[in-house]
Amino acid sequence: MAFSAHIGLENDLTKATVNLHTKFQIGTVDDRIFGGFLEHLGRHIYKGVYEPDHPLSDNDGLRSDLRDALNELGVTIARYPGGNFASGYHWENGVGDRSSRPTVRELAWQSTETNHFGTNEFVHLCKKLNWQPMLAVNLGTGSPEEARNWVEYCNLDAGTYYADQRVQNGDEAPLQVPVWCLGNEMDGPWQLGHVPVDEYCNRAQMAAKMMKDCDPSIELVACGSSAPRMPTYVEWDQHVMRRLGPDLADFISLHRYVGNSEGDSEDYLAITKSVEQQIESIDAAARTVAARQDTGRRTYLCFDEWNVWYRARTRKDVDGAGKFAPPLLDETYNFEDALVVAMFLMSFIRHADVVKIANIAQLVNVIGPIKTNSDGVLKQSIYHAFRMVSSRKGGQALRQAISCDSYTSTSHGEVPYLDSAAIINGDELKFFAVNRNLTEAMDLTIACADRPSSAFNDGELLSDTDLNATNTWESPTHVVSKPLSDVKLVNGQAHVELPPQSFLALSLQLG
Ligand code: AHR
């Protein structure tokens, strides 16, 4: 049933106007902001994307129901093999004949790792799902040379030792991995091989030089701070960018996990204000370094881990106790989490000039938009928010002049009720909006100064009266988007009514 946005809430209506001009552009929205992340963790790889014994699985161990759900999610690039796992991973354990790959005790999540899924399997999965591969090298317990050898294994034509190994393992053509991360969260004491910043820079500099010497076309992501709460936040990032420079650090990484631990939903919905600040702080650091180095080049931002994660954080949730593929980080998402995920993505769009890659962490079973069991796949609430934006990718982000009411949140100060983003692509204007108001509907006007809206193409609305609503195996479609049927066009302006606590994605034709 189509959802009409005009549902007669005239008594409780706030007004918001977004003024746009199609020439006032921020930058191209990089398709790679719709990235995902797969880690050898819990039931993500084994009993997740690699389930060779499942009746629905193809020859590569991918279930057809999961493949369909992943395809629809619209992920563009996938980071692998971790995360914390990457800092203890030796890639050579995961290539070649499966029967001779070692089973090891891995130390990031205290689980048993069979290495049955590795580099070739991951890149094959990427090809199947139309994802660009993005690999994170081990700068914790691994060596810079091991990282360089991995680049040769993946990206070089046959004729040298590691590239020839790839060919022997069945992949004649190079695997073409364009983006590589120089370790993971090396500022964090929990990280295997965590070191002070100078020591990290020594390792990263050595690895980066050899990796780029091996394949100059690759782009590298240096480890930034793992969260704004870290004691070395921003200083670490600035130091790394200064030491590596934009030639070795094409990107600096940002990570962020958020949640509603206090049960304060108004405050929780304001949290993306601090995500915005995080982007702007690291961008400022990058610009400062670039100004001092004066090379005409700069390091860009790669938000390569982000999501909601606060429930599945007890010891039991993060400690595999020596088991193979134990259920870890098994977060169940509710409707308010979906609104937050939508706002993360809108933040990336609004910073299209500097955020070039972003990876939702993670994809399947582990803090994922998708869960699997032996009978099927479950699309969690956040799945729908992500898909509503990723399915409208492509174009230039537009600046917005917004007038709307705001509220005072507990920890993020004054926050506008409307959170929105706009993308122009030829004659099409794509628009996204969250109404943070928990009680009042919003009368939203979208006014484009230089080009009138001539038609409403399509739209979807994600809305629920219960912020705690979830999709469950028993009720898998409780939180899903509904088609939006009613957008009024008056004098070239679009008028939509957004219910309280809702997310809207729509496309307008411009005259
Ligand atoms: O995504 C889960 C973990 O969160 C990752 O392994 C790590 O990088 C981060 O701390």
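The values are calculated or read from the model by the stated rules, or taken from the named source; none is laboratory data. Keep in mind it's a predicted model, so treat the numbers as computed, not measured. A quick note on method: Cβ atoms are made from the backbone with ideal geometry, for glycine too, and the neighbour counts reach across all protein chains shown. Accessible surface is based on the protein model in full, side chains and every heavy atom, while ligands, DNA and RNA are left aside. Shrake-Rupley method; radii C 1.70, N 1.55, O 1.52, S 1.80 Å.
For the range 287-330, carbon and sulfur atoms together expose 51% of the accessible surface, with a 1.4 angstrom probe and every protein chain in place. Taking the 1.4 Å solvent-accessible surface of the range 369-511 as the whole, the part contributed by carbon and sulfur is 46%.
Return one number: the angle in degrees, 0 to 90 and rounded to the nearest 10, between the long axis of the Cα atoms of helix 272-293 and the longest principal axis of the Cα atoms of the chain. For 272-293 against the chain, the angle is about 60 degrees. How tilted is helix 144-155 with respect to the longest principal axis of the chain? Cα atoms for both, answer in degrees (0 to 90, nearest 10). The angle comes out at about 70 degrees. Round to the nearest 10 and give me the degree value, 0 to 90, for the angle of helix 119-129's Cα axis relative to the longest principal axis of the chain. Orientation of helix 119-129: about 30 degrees from the principal axis. Cα centroid separation, the range 99-166 to the range 276-329: 22 Å. Over the chain, DSSP H runs of length four or greater, each weighted -39,500 (n - 2.57), average out per residue to a 222 nm ellipticity of -8000 deg cm²/dmol. Size descriptors for the range 286-413 (Cα atoms only): Rg and Dmax, in that order, 18.6, 57 Å.
Carbon and sulfur atoms: what percent of the 1.4 Å accessible area of the range 90-222 do they account for? Roughly 50 percent, rounded to a whole number.
The magnitude of the dipole of the chain, with charges of +1 and -1 set on the Cβ of Lys/Arg and Asp/Glu and taken from the Cα centre, is near 540 debye.
The charge dipole of the range 262-375, taken about the Cα centre with unit charges on the Cβ atoms of Lys, Arg (+1) and Asp, Glu (-1), comes to about 540 debye, rounded to the nearest 20. Taking label points 7 Å from Cα along the Cα-to-Cβ direction, residue 468 and residue 160 give a separation of 5.9 nm. Spatial offset of the range 483-511 relative to the range 419-441 amounts to 9 Å, using the alpha carbon center of each.
Only Lys, Arg, Asp and Glu carry charge here, each on its Cβ (+1 for the first two, -1 for the last two); on that basis the range 206-333 has a dipole of about 420 debye about its Cα centre. Projecting the Cα positions of 434, 477, 447 onto the charge dipole of the chain (unit charges on Cβ atoms of Lys, Arg, Asp and Glu, taken about the Cα centre) puts 447 furthest along the positive direction. For the residue pairs 128/316; 47/212; 316/482; 273/323; 273/430; 128/212, alpha carbon separations beyond 31 Å are given by 128/316; 47/212; 316/482; 273/323.
So what does the Cα-only Debye profile of the chain read at q = 0.11, 0.12 Å⁻¹, as log10 I(q)/I(0), no solvent term? Taking Cα atoms of the chain as identical point scatterers yields -0.93, -1.10.
Accessible area per residue for the chain is 37 Å², calculated with a 1.4 Å probe on protein heavy atoms, without ligands, DNA or RNA. Suppose we flag trypsin sites (Lys or Arg not before Pro) only when DSSP calls them loop and at most 12 other Cβ atoms lie within 10 Å. Which is the longest uninterrupted stretch of the chain? The longest such stretch corresponds to 298-511. Listed by chain and number, the aspartates and glutamates placed with their C-alpha closer than 14 angstrom to that of residue 15 are 405, 419, 440, 443, 497; residues fewer than eight positions away on the same chain are left out.
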